[in-house]
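Below: one structure, written as structure tokens.
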Amino acid sequence: MKAFLIFIKQCTKLNIKTTWRGYRRYFTINKKAPKIRKDMTAIVGVLCKKGVVIGADSSATFANGQIRTIEQKTKKIKIIGGKYIIAGTGQIGLGQRFVDEFEKTLNSSLASKTSPPSELCRIITQQCLKNFISTNVQQGQFGALFAFPWGSKHHLCEFDATTLQPELKTEHLWYVSMGSGQIITDPILGFIRKMFWSEGEPELEQGIFATLWTLQHAVDMNPGGINGPIDIAILECLPGNKIEARFLSEAEIQEHISNIQELEKHISSFTSKAVSKEPPAEIPKP
């Protein structure tokens, strides 16, 4: 039924006479048409007590239709004005347009600083959807994570990859992952929450550690298209009520990688001890 309504709409636009034969031909052609391929991406965001962490892989997949051709290194995280972090999943061109609409919104009077942060996110969605619709972009082609200061607080917003609707992360649910690697990253984040974040939001250093560990698993375990190096950007609360965004240096990332390796060694040695544990002595018979 949905396909038939789409057919009627297209014929009306083109002033074409609608017939059942024409519908069958339209449906057959469109059914066999190649579907739009989603980019291979893994993005993680963590709202921390004194900041926000956003991390991503750095691989872009080129394709001819549904046939992948090559992978190339790219940047999926963008810092704007030293205060705003955006990471997108989906078509690169849509990501560029998302950033453009955000900058227009920021430089306009659409969002007042006295309004709640959710209002800024709503306006960004509104403006981006108008932009996307202007070139007939279908839903489900782009999503994003957005870290930003608003007033004296820091925030993390998820723009859903299906509808682009915004959702602010809170002290009750403070982490998110997006992209094709989500099937890998979500369970790892859930495991980390159970082990280390049972009492609430992590400290910033803990958030960096968890983001990097999660993305490293995605790089190691994915079937293709998600690769390093891993990029990490942080929105950091500094003394004097300052909030600034920056990328972690290679040295900082390497330090956390060393900590991850130490933790994995500890887990490995623990399981080895558990396996090699001697059985309890038999209780002598009376």
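Listed by position, the helices (runs of 4 or more DSSP H) contained in the stretch 1-117 that have at least 1 residues being more than 26 Å from Cys128 (Cα to Cα), aromatic (Phe, Trp, Tyr) and modelled with pLDDT of 90 or more form an empty set. Every condition in (1) closer than 22 Å to Leu215 by Cβ; (2) under 16 Å from the mean Cα position of the chain (by Cα) is met by Gln96 except one, and the failing one is (1). Looking at the stretch 131-145, which of the residues that are free of Cβ contacts under 8 Å to residues at least 60 places away in the same chain and touching a helix residue (DSSP H, G or I) at 6+ places or on another chain (Cβ under 8 Å) is surrounded by the fewest Cβ atoms within 10 Å (Cβ to Cβ)? By that ranking, first place goes to Asn131.
Being modelled with pLDDT of 90 or more, touching a strand residue (DSSP E or B) at 6+ places or on another chain (Cβ under 6 Å) and either more than 17 Å from Gly45 (Cα to Cα) or not in a helix (DSSP H, G or I) (or both): is that true of Ala251 here? The answer is no for Ala251. With respect to Thr135, is the statement that it is touching a Gly at 6+ places or on another chain (Cβ under 6 Å), β-branched (Val, Ile, Thr) and in a loop (DSSP other than H, G, I, E, B) true? Taking the combined requirement at face value, the residue does not satisfy it. A search for C-beta distances below 8 Å between a residue of the stretch 103-123 that is of a type in the set (Asp, Glu) and any residue that is exposed (fewer than 13 other Cβ atoms within 10 Å of the Cβ), counting only pairs 6+ apart in sequence or on different chains, returns Glu119/Ser112.
Going through the stretch 219-242 one residue at a time, which ones are touching a residue at least 24 places away in the same chain (Cβ under 8 Å), among the hydrophobic types (A, V, I, L, M, F, W, C) and in contact with an Asp or Glu (Cβ under 7 Å, 6 or more places away or on another chain)? Quick ask: steps written out before the conclusion?
Within the stretch 219-242, the subset touching a residue at least 24 places away in the same chain (Cβ under 8 Å) is 219, 221-222, 224-237, 241.
If we keep only those that are among the hydrophobic types (A, V, I, L, M, F, W, C) as well, we get 219, 221, 226, 230, 232-235, 237.
Residues satisfying the conditions are Val219, Ile226, Ile230.
The values are calculated or read from the model by the stated rules, or taken from the named source; none is laboratory data. Predicted, not measured: the structure shown is a model, and the values here were computed from it. Positions of Cβ are backbone-derived with ideal geometry, glycine not excepted, and every protein chain shown enters the neighbour counts.
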